[in-house]
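Encoded as structure tokens, the structure appears first; notes follow it.
The values are calculated or read from the model by the stated rules, or taken from the named source; none is laboratory data. Keep in mind that this is a model prediction, so the values were computed, not measured. Methodologically, a virtual Cβ is constructed for each residue, glycine included, from the backbone with ideal geometry; neighbour enumeration extends over all protein chains shown. Remember, those area values only see protein heavy atoms, side chains included, never the ligands or the DNA or RNA. Shrake-Rupley method; radii C 1.70, N 1.55, O 1.52, S 1.80 Å.
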Amino acid sequence: MNKSFKVVIPARYGSTRLPGKPLLEIAGRPMIAHVVERALASTANEVVVATDDQRIVDACAGLGAAVLMTDAHHSNGTDRIAEVIERCGWDDDTVVVNLQGDEPCMPSALIEQVATDLNALADVGMATLAYPISDSATLFDPHVVKVVLSAAGFALYFSRAPIPWHRDGFLGKRAELPGSVEFLRHIGLYAYRVSFLRRYVGFTLSPLEVAESLEQLRVLWHGERIHVGLATQEPGPGVDTADDLARVARFLAPASPPPP
């Protein structure tokens with residue numbers, strides 16, 4: 001089994017909620033530096049930052065990753081990665097991990113896990129990860145994406161709503177999760193086979209992804225499979241808001257030295 005893979009980090013400067021997000025400082029360094037560090041700590045044989053802004057290029061100087069300036073008009077990170085694979089000339093069997101530029105706390109072990117999962121599935125084009133949900137607040141949070149799986153471990157659906165809906169378990173009470181079914185949080189870490197990515201860029205937008213604002217639903221809408229592995233550890237927080245930034249700063253802060 002081929003175990004090699006590459007990591008591409010899409011890092012767009014513009015953000016509605018946090019402009020210049022990849023350059024925001026966390027623990028004394030720009031966020032993109034932490035993300036690159038996570039990728040380089042994995043066994044990837046190549047790490048590429050794909051950006052649309054010279055300031056991000058400059059911030060990545062000396063970090064050890066390649067940096068490509070990509071088209072500023074891509075609508076999402078997957079399209080940005082598709083540009084990278086063509087410019088780099090990667091062959092159809094290459095496995096590429098999409099590590100989003102706002103995930104400075106993603107364990108390198110999970111980067112390797114999602115790549116290993118896809119490398120083991122020769123007839124599958126895309127893989128991702130999920131982690132068990134243990135509290136109702138997380139399940140009912142629309143900012144947390146949930147996923148339900150088939151018996152073979154493939155995604156049936158992703159949603160911001162609580163799925164699966166336990167008809168009897170949630171009847172009049174939602175404080176505790178029913179123990180008869182597993183609830184899973186989707187982790188936004190993807191591995192793609194290059195041959196799949198080349199098909200993906202031709203897929204039309206789906207009404208499901210528009211309604212849920214979840215790009216991965218386009219894949220299911222067009223009849224493609226997404227394998228979902230159960231993550232071996234829980235990832236740290238990503239950054240979407242200013243509150244998230246503070247949370248990540250606490251997560252990455254060095255441990256206090258013991259008292260003398």
>> Not counting ligands, DNA or RNA, and with a 1.4 Å probe, what is residue 3's accessible surface area in Å² rounded to the nearest 10?
In response: 150 Å²
>> Over the chain, with a Gaussian network built from C-alpha contacts below 10 Å, which listed residue (27, 130, 152) shows the highest mean-square fluctuation?
In response: 152
> Residue by residue, what Karplus-based ³J(HN,Hα) values in Hz, rounded to whole numbers, does the range 185-199 have, using 6.51, -1.76 and 1.60 with θ = phi - 60° and x for Gly and Pro?
Replying inline: 8, 6, 9, x, 10, 10, 10, 10, 8, 4, 4, 5, 4, 5, 6
> Say the dipole of the chain comes from +1 at the beta carbon of Lys and Arg and -1 at that of Asp and Glu; which of 166, 252, 127 then lies farthest toward its positive end?
Replying inline: 166
> Amide H of residue 148: which non-local residues (sequence gap of 5 or more, or other chain) have their own amide H closer than 5 Å, using H built in the peptide plane?
Replying inline: 156, 157
> Hey, if you put +1 on the Cβ of every Lys and Arg and -1 on every Asp and Glu Cβ in the range 1-79, which of 65, 35, 14 ends up farthest toward the positive end of that dipole?
Replying inline: 35
> Ordered by residue, what ³J(HN,Hα) values in Hz, to whole numbers, does the range 155-163 give under the Karplus form 6.51 cos²θ - 1.76 cosθ + 1.60, where θ = phi - 60° and Gly and Pro are x?
Replying inline: 5, 8, 6, 10, 7, 7, 7, x, 10
> Using θ = phi - 60° and the Karplus curve 6.51 cos²θ - 1.76 cosθ + 1.60, what whole-Hz ³J(HN,Hα) does each residue of the range 22-28 get, with Gly and Pro shown as x?
Replying inline: x, 9, 4, 7, 9, 6, x
> Ignoring ligands, DNA and RNA, what percent of the accessible area of the range 155-256 is carbon or sulfur (1.4 Å)?
Replying inline: 54 percent
> Going by average Cβ neighbours within 10 Å, how do the peptides 67-76, 229-238 rank, with the highest at the top?
Replying inline: 229-238, 67-76
>> For a test of understanding, tell me how many lysine pairs in the chain have Cα atoms under 30 Å apart, given they are 8 or more places apart or on different chains.
In response: 5
>> Using a probe radius of 1.4 Å on heavy atoms only, what accessible surface per residue do you get for the chain? Whole Å² is fine.
In response: 48 Å²
>> Placing unit charges on C-beta atoms (Lys and Arg positive, Asp and Glu negative, everything else neutral), compute the dipole magnitude of the chain about its Cα centre in debye, rounded to 20.
In response: 300 debye
> Points 7 angstrom from Cα along the Cβ direction at residue 37 and residue 232: gap in nanometres?
Replying inline: 2.2 nm
